[in-house]
Amino acid sequence: MTTSRTEGPGAAATTAVATGRRGTDGIVGGTGADGAATAAGGPDGAGAAASGSDGAGTAAPGPDRTATAAGGAHRAPTATGPAAAAAAGHRRARPAALVHRFLRGQSLRTWLVELGRFAMVGGLAFVVDVGLFNLLRFGPGELLGPKPLTAKMVSVAVSVLVAWLGNRYWTFSATRQPSRGRELTIFALVNLGGMAIAVGCLAVSHYLLGLTSPLADNIAANGVGLVLGTAFRYLCYRYVVFTADPGPAVALSSPRRRR
């Protein structure tokens with residue numbers, strides 16, 4: 001059965017209704033002003049779409065099929081699920097991985113103990129340097145009284161040796177190198193680099209910046225230069241000089257007693 005109807009000249013509408021035992025039932029209507037169309041489905045397959053002047057469309061679901069479409073502004077998709085969770089976990093794990101790499105598997109307490117030992121060994125080496133220099137120049141007999149540069153070279157060499165022994169057998173005892181000669185050579189080169197940093201800070205302050213007062217020289221050499229040189233030494237000791245596998249070193253330092 002089919003029924004059709006047409007109304008006046010100002011508006012045009014057409015309605016068609018078709019029925020069947022199995023098929024698609026639909027009603028289609030159109031309006032002249034904004035061009036909207038609606039389709040309603042029956043029991044087997046259904047779909048509804050409406051479009052107007054703004055280009056928007058909506059699909060209404062039926063019992064067996066569902067479809068929806070919307071026009072207009074597009075929204076950026078949001079990642080969800082296991083992949084998004086894994087990416088967020090990876091971003092959170094980056095700082096932790098950097099800290100773990102810096103600590104080389106140590107706990108924070110162990111690293112602080114190592115840092116304290118490094119500071120104490122460095123302080124002892126500084127005392128040896130200053131004390132021996134003054135002893136050689138102004139001590140009994142004034143062995144190197146008229147030779148200040150030679151006295152300083154001797155005091156620095158002895159202080160470097162003291163620092164190497166303290167760091168090898170105490171601060172970094174778990175990661176000391178099997179070859180003492182190679183380790184001492186690299187250790188001495190690192191200390192020369194630290195001294196060059198201090199001298200470079202003094203040169204920049206005194207000659208480039210024109211800060212020639214005694215206070216400025218001391219701040220540049222014994223303040224900024226000392227801090228930067230000490231940081232350079234520590235990082236090089238940790239990642240260049242004392243880099244052996246901690247397992248054998250620990251085993252040598254604390255052997256198990258046989259029962």
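Let's see how each residue does on (1) out of contact with any Phe, Trp or Tyr (no Cβ under 8 Å at 6 or more places or on another chain); (2) part of a helix (DSSP H, G or I); (3) within 21 Å of Asn191 (Cβ to Cβ); (4) modelled with pLDDT of 95 or more:
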position	(1), (2), (3), (4)
Ala203	yes, yes, yes, no
His206	yes, yes, no, no
Ile219	yes, yes, no, no
Leu228	yes, yes, yes, yes
Val250	yes, yes, no, no
Arg256	yes, no, no, no
Arg259	yes, no, no, no
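Leu235 versus (1) surrounded by fewer than 16 Cβ atoms within 10 Å (Cβ to Cβ); (2) within 32 Å of the chain's Cα centre (by Cα); (3) modelled with pLDDT under 90: which is the lone unmet condition?
(3)
Take Leu184 and tell me if it is assigned to a helix (DSSP H, G or I), in the same structural domain as Gly116 (by TED's automatic domain parsing) and closer than 22 Å to Thr110 by Cβ. Working first, answer last.
Numbers: assigned to a helix (DSSP H, G or I): yes; in the same structural domain as Gly116 (by TED's automatic domain parsing): yes; closer than 22 Å to Thr110 by Cβ: no.
Judged against the criteria, Leu184 is not a match.
Go through the residues of the range 125-138 one by one and say whether even a single one is under 24 Å from Thr243 (Cα atoms) and surrounded by 14 or more Cβ atoms within 10 Å (Cβ to Cβ).
yes
I'd like to check something: does the range 179-199 contain any residue that is touching a residue at least 40 places away in the same chain (Cβ under 8 Å) and of a type in the set (Asp, Glu)?
Yes, the range 179-199 contains at least one residue that is touching a residue at least 40 places away in the same chain (Cβ under 8 Å) and of a type in the set (Asp, Glu).
Return the pair list, or none, for Cβ contacts closer than 6 Å from residues in the range 140-169 that are assigned by TED's automatic domain parsing to the domain that holds Cys236 to residues that are in a loop (DSSP other than H, G, I, E, B), at least 6 apart or on different chains.
Thr150/Leu144; Ala151/Leu144; Arg168/Arg176
The values are calculated or read from the model by the stated rules, or taken from the named source; none is laboratory data. Just so you know, these numbers come straight off a predicted model, no measurement behind them. Using ideal geometry, Cβ is built from the backbone for each residue, glycine included, and neighbour counts are taken over all protein chains shown.
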